[in-house]
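Here's the structure we're looking at; comments come further down.
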Amino acid sequence: QVQLVESGGGLVQAGGSLRLSCAASGRTINNYNMAWFRQAPGKEREFVAASRGSGGITTYADSVEGRFTISRDNAKNTVYLQMNSLKSEDTAVYYCAANYGRLVRFRSLYDYWGQGTQVTVSS
């Protein structure tokens, strides 16, 4: 079992930045793919970014490519999402997730989830 706890959300003005953290416990994340998803009110949960457990491969949704950066510190068992140039449409609850195996974007293939952290971008 992997337990995930997100932090770092908050209220920020458009154009600003935030860094989200996801602290893992129970297992080391070295061999797990780690991802961020988000869910805005009335919308489905969508993929944001993912980082492969080994090899340094990352992938991003088109809507955040060039603005968001996923990184991981395996020694701290923590994953980060640096969000720059935030827009009002980035407002959502952001979730951290983990899976073992292929690096994918499908939320149904992620086994472990955090409770989420709210990000609100004011225009």
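Here are some notes:
- Members of the range 73-101 that are assigned to a helix (DSSP H, G or I) and open to solvent by less than 10 Å² (accessible area, probe 1.4 Å): Asp90
- Applying the set (1) surrounded by fewer than 15 Cβ atoms within 10 Å (Cβ to Cβ); (2) polar (S, T, N, Q); (3) assigned to a strand (DSSP E or B) to Thr59 leaves exactly one unmet item: (1).
- Residue within the range 51-63 that is of a type in the set (A, V, I, L, M) and within 19 Å of Gln115 (Cβ to Cβ) present: no
Each row is one residue, and each column tells you yes or no for (1) free of Cβ contacts under 8 Å to residues at least 24 places away in the same chain; (2) open to solvent by less than 20 Å² (accessible area, probe 1.4 Å); (3) in a loop (DSSP other than H, G, I, E, B).
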{"site": "Leu4", "(1), (2), (3)": "no, yes, no"}
{"site": "Leu20", "(1), (2), (3)": "no, yes, no"}
{"site": "Ala24", "(1), (2), (3)": "no, yes, no"}
{"site": "Asn30", "(1), (2), (3)": "no, no, yes"}
{"site": "Ala35", "(1), (2), (3)": "no, yes, no"}
{"site": "Val48", "(1), (2), (3)": "no, yes, no"}
{"site": "Gly53", "(1), (2), (3)": "no, yes, yes"}
{"site": "Val64", "(1), (2), (3)": "no, yes, yes"}
{"site": "Ser71", "(1), (2), (3)": "yes, no, no"}
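- Residue that is nearest to Ala49 (Cα to Cα), among those in the range 6-18 that are part of a strand (DSSP E or B) and of a type in the set (A, V, I, L, M): Leu18
- Check on Val104, in contact with a Ser or Thr (Cβ under 8 Å, 6 or more places away or on another chain) and either farther than 14 Å from Ile29 by Cα or not in a loop (DSSP other than H, G, I, E, B) (or both): no
- Filter pass, Ser108 being open to solvent by 20 Å² or more (accessible area, probe 1.4 Å) and more than 21 Å from Gly8 (Cβ to Cβ): yes
The values are calculated or read from the model by the stated rules, or taken from the named source; none is laboratory data. Everything numeric here is computed off the predicted structure, so don't read it as measured data. Glycine also receives a Cβ, built like all others from the backbone with ideal geometry; neighbour counts cover every protein chain displayed. Please note that ligands, DNA and RNA were not included when accessible areas were found on the heavy atoms of the full protein model with its side chains. Shrake-Rupley method; radii C 1.70, N 1.55, O 1.52, S 1.80 Å.
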